[in-house]
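Where a number appears in this text, it was derived from the coordinates with a stated rule and is not lab data. In this text, all values refer to a predicted model and were calculated from it rather than measured experimentally. Please note: Cβ atoms are built from the backbone with ideal geometry, for glycine as well, and neighbour counts cover all protein chains shown.
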Amino acid sequence: MTREGYVNSALVAALIGVPLWAHVAGEPFTITLATRAVIFALAAVGLNLALGLGGLVSLGHAVFFGIGGYAMGILAYHAQIYSPMFPDTLAIEGTKSMPVIWLVAILCSALAAFVIGLLSLRTTGVYFIMITLAFGQMFYYFTISWSAYGGEDGLSIYIRNSFPGLNTLVPIQFYALCFALLGGALWLSARIARSPFGLMLNASRQVPHRVETVGLNGQRAKLLAFVISGAITGLAGALFADLNRFVSPTMFSWHMSGEIMIFVILGGVARLFGPVAGAVLFVAMEHVLGDLSDYWHIYLGAVLLGIVLFARGGVIGLLAGQAKGHD
Amino acid sequence: MSAILIVEQVLNGLQFGVMLFLMAAGLTLIFGVMGLINLAHGSLYMIGAFIAATVAGLTGSFLLAVVAAMAAGAMAGALIEMTVIRRLYHTDHLDQVLATFALILIFSEGTRALFGSFPLYLDTPALLSGPVTLPGGIEYPRYRLALIAAGLAVALGLWLLIAKTRIGIQIRAGENDREMIAALGVDIRTLYTFVFALGAALAGLAGALVGAIQSVQVGMGEPVLILAFVVIVIGGIGSIKGAFVGALIVGLTDTLGGVFLPELFKLFMEPASATQIGASLSSMAIYLLMAAVLIWRPTGLFGVRT
Amino acid sequence: MTMKATLLLASMIALGSAASAETRIGMITTLSGGGASLGIDVRDGFLLALEQSGRDDIEMIIEDDERAPDVAVQLADRMIQAEDVDIMTGIIWSNLAMAVVPSVTAQDVFYLSPNAGPSQLAGRGCHPNYFNVAWQNDNLHEAAGAYANTAGYTNSFILAPNYPAGQDALSGYQRFYEGELAGELYTQLGQTDYAAEIAQIRASGADSVFFFLPGGMGISFLRQYADSGLDIPVIGPAFSFDQGILQAVGADALGVVNTSQWSPDLENEANVAFVSAFEEAYGRIPSLYASQGFDTANLILSALEVADPNDDPDAFREALRAADFASTRGEFTFGPNHHPIQDIYVREVVQDGEIFTNRLIGVALEDRGDAYADDCSM
């Protein structure tokens, strides 16, 4: 096994071991923290597909995170008040079933990613960063004033949604669900990276003109990567909403986009487990530093700065050395 | 709606645009010359406002406060350029975004640790306070007219600096071919520090000027930063002319959109929901505009075609 | 107990060791970022009351929500799951309260709101374990509308940010206001330049302006309004005129009328003592947020005298409902939905030496409850 392999295994072992220990020791809050980390990791795994593999620096992934969140919020809200959406015309019933909510979240965010990607991929470099940011801001301001679903107040869902055969109100069971989904997303992105599609993406990031010369459509591959990326982040949004039992426009804010990007960079761009390491480290820092001082953002900033300046390749790069990514 | 009101709103849009230009000019210079995305530019704006409020509080002189704000902006800019930013020129945009995002966190909470959590007070100078009556009977705040004039003067000065002076030639050369001008014996490190400090000083100036009619508080830089990015992206990154045009377009769109969109919706809706929907749409207007511009011209209005 | 809270308390109150603590109170409030001054005032007012009580069997856990709903939810989970708190309080913003309060009260923990009072929690979403010690969100706006009638205004221009609290503000004003509207505007949340709005006010021919622009937005509006040379009288809720931001507005706020359930010059025994104790402890005049934090703590203390929330939650709830404490606002009782019934005053901004502050000039609404109590089926 490579050094990166050891680091990844240790990470997985911790993500299984720590919550189990917390469950036995009766520390439900540790499980909540771990769930938060795993959901953020899932969102970042989504971004990493676009960012690491496709070279698409999106500062608007909060759009998909938020759409996933609102898919959950709106469906569960209508189930909660027993009144359908568009009562006069379509009369779509709400639902409290997680699989249905996930499907809706994935489809909606994939659709949004398709439209945003189609428009944004006309640009490159900084322009791409900024146009994705602009789409994020549009959704943010729209939801703030969208009074039908709470506007800035957001939507509260009183009871966590259900999954067949599980009691999602028990922290460890909900955690297991999120962990399984993260595993699935990691498996998917490993597969994509090794597939001909992934290889083409990688090639079109590094030498776009050669890919075009041999008759492959690099743009179309990037768009597909962006759509899959958005869909995974959307799924994470639905889970995050269920973790908090609450959605609000802050899920769309540019800070959220920035944080998802931080998870990826912190862990190591284009490394399979980079987003996981980044999200775990970030949640841990938030928790530990927050207790040190009222001004803990200063320390957080200093740590982030230190990692960019002195640990290129993120935490995984630091621990596993300058190995190449999963290509 | 009367013609007077429309003229007044156009002036407001102009003033807003000119202030955005002060922010955008620094950002676009820094990007054009060094290829760096600086998210911490809004923090320099905030530093300018805080220093201006402090100096004005101590000395009572607005002029001194503005000078101090520019100096503080330039000094803070030079300091972070030499300690942090310099190491980022050869990295990709991703690292720059993260590092300057980290700087925002440090500056914001650092300012709060130093100055406390309560907003500070910075007054307009007595000479410029109150309204003035313009031809046509328009009453308009004197200070805002002064802001328009100051902004235009800075724009002119910047154009002269870049088009007519030796350092301007170096800056333009730096945008095109940095290896070459280094080979010609220009001290590229000093040039970069100078450009960064110049951009930072402009941000500090904007903070001081705007701080006098707004609230000086932690986090004030972020909304302006995002708008400034919209400006330079619309104008074309690296282009001072683009930043100027973009700033005016954004300033006018934002102001006039907020005024006319609700009026437009009132034509066919009941007033209460028309104002609400109009307001929602106008808050999205500049982002819609930016997306539209980029779809039409992917490198902005005056950007370099690739 | 977190280090932050430990340090704080150690420096201010000589509490006993955690082992002897019997009641655990969790406070989630905003202590960092732009809105921190409100949370700091609530916390300081609250801690002052605890210190004065001299009790050593109360453990405080204080955490910063960064004004982010997801952080607040996470902290609430932690306080309930890991710290086992009995009572929670502290949240400043309505959107955070909506995220946290329903799940807190559903888990049999008491929640006392020291600031936010969203209409949902006063109406259909009311809960036996939820008490609001500040006001229902509409109250101060309603009072402004009532004051506009007595002042003889018949043509108001009204504006607020385009978000739920802003929409509530404008409808709250119109609930009692009987005149016409010269104009109605929604501004962007976080907007800092109001030149366009001020021009519209000037053109509208209004005889009064009502605005709800909390925090920095209000500072910007007032300064720019004064600079425009307009002299149409302005009214607003106390949020734009609290002690923390008046100094930043400066002379431009002088003479502006605002509505509040509290004022530093209210002449009742509890308030006189509170204002001087607060000034002595912290070196600044208390804001209305500080008074709300102080009242919240005293309400909890009064109920703790009667019953323990752990042993006998029903008796504790009854004791809270009785509101048997000396409020800084004078008379204070709870309505059927656990929201205050209280007088809402009219204040004017005055200058006292170097300091800008508020002075009472009248009562806008007497014994005002709220518009949502009928929807509460408690």
In whole angstrom, note down how far apart the Cα centers of the stretch A:63-85 and the stretch C:283-325 are. 37
Of C:Ser276, C:Phe241, C:Leu301, farthest towards positive along the dipole that unit charges on Lys, Arg, Asp, Glu beta carbons give the stretch C:231-304: C:Leu301
Can you compute the label reach from A:Leu111? Point 7 Å from Cα along the Cβ direction, backbone N cut-off under 16 Å, restricted to the stretch B:239-280. none
Would you mind counting up the charge near A:Gly306? Only other residues with Cβ under 14 Å from its Cβ, with Lys and Arg at +1 and Asp and Glu at -1. +1
Using all Cα-Cα distances in the protein assembly as shown, what percent lands in each 10 angstrom bin from 0 up to the longest? 2, 11, 20, 25, 22, 14, 5, 1, 0
Hey, got the average number of other protein chain Cβ atoms within 10 angstrom for residues in B:257-267? 2
What per residue convex hull volume, in Å³, comes out for the stretch C:187-339 when only alpha-carbon positions are used? 158
Going by Cβ distance under 4.7 Å, what cysteines of the protein assembly as shown have no possible disulfide partner? A:Cys108, A:Cys178
For the stretch B:182-286, which chymotrypsin sites (Phe, Trp or Tyr not before Pro) are in a loop by DSSP, counting at most 16 other Cβ atoms within 10 Å? B:Phe268
Going by how many other beta carbons lie within 10 Å of each one, how would you line up B:Leu98, A:Leu292, fewest first? A:Leu292, B:Leu98
Explain nothing, just the number: dipole magnitude of the stretch B:138-213 about its Cα centre with +1 on each Lys and Arg Cβ and -1 on each Asp and Glu Cβ, in debye rounded to the nearest 20. 180
Share of Cα-Cα pairs in the stretch B:67-176 beyond 22 Å, whole percent, is 61
In cubic angstrom per residue, the convex hull of the stretch A:3-320 built on its Cα atoms measures 149
Using a basic spin-label model with each label point 7 Å from the Cα along Cα→Cβ, how many nm lie between B:Arg166 and C:Ala315? 8.9
Using modelled backbone amide H atoms (1.01 Å from N, in-plane), which distant-in-sequence or interchain residues come within less than 5 Å of C:Ile91's amide H? C:Ile28
Hey, if you put +1 on the Cβ of every Lys and Arg and -1 on every Asp and Glu Cβ in the stretch A:3-320, which of A:Gln80, A:Gly5, A:Gly183 ends up farthest toward the positive end of that dipole? A:Gly5
Given labels modelled 7 Å from the Cα in the Cβ direction, how far is it in nm from B:Ala3 to C:Ala251? 3.8
Two pseudo-spin positions, 7 Å from Cα along C-beta at B:Lys266 and at A:Ala13, lie apart in nanometres by 7.0
Compute the relative contact order of the stretch A:3-320 as a whole-number percentage, counting only Cα pairs closer than 8 Å that sit 6 or more residues apart in sequence. 34
Would you please give the FRET efficiency between B:Tyr89 and A:Leu292, computed as 1/(1 + (r/R0)^6) with r the Cβ-Cβ distance and R0 = 51 Å, to the nearest 0.05? 0.95
Pairs of alpha-carbon atoms within less than 8 angstrom and 6+ residues apart define the contacts here; what relative contact order does chain C have, in percent? 17
Skipping prolines and chain starts, which residues have an amide H placed within reach, meaning under 5 Å, of the one on C:Leu365, given they are 5 or more residues away or on another chain? C:Ile344
Note, C:Ala144: beta-carbon cut-off 14 Å, +1 each Lys/Arg, -1 each Asp/Glu, net -2
Counting helices only, and only those DSSP H runs with n ≥ 4, report the 222 nm mean residue ellipticity of chain C as the sum of -39,500 (n - 2.57) divided by its residues, in deg cm²/dmol to the nearest 500. -12500 deg cm²/dmol
Please report, in debye to the nearest 20, how large the charge dipole of chain A is about its Cα centre when each Lys and Arg carries +1 at its beta carbon and each Asp and Glu carries -1 there. 1060
Among A:Thr89, A:Thr143, A:Thr124: highest mean-square fluctuation, GNM of chain A, C-alpha pairs under 10 Å: A:Thr89
Counting partner chain Cβ atoms within 10 Å of every residue's Cβ in C:64-71, what's the average? 5
Could you work out the relative contact order of chain B? I mean the mean sequence separation of Cα pairs under 8 Å and 6+ apart, divided by the number of residues, in percent. 34
Counting all Cα-Cα pairs in chain B, those more than 29 Å apart amount in percent to 38
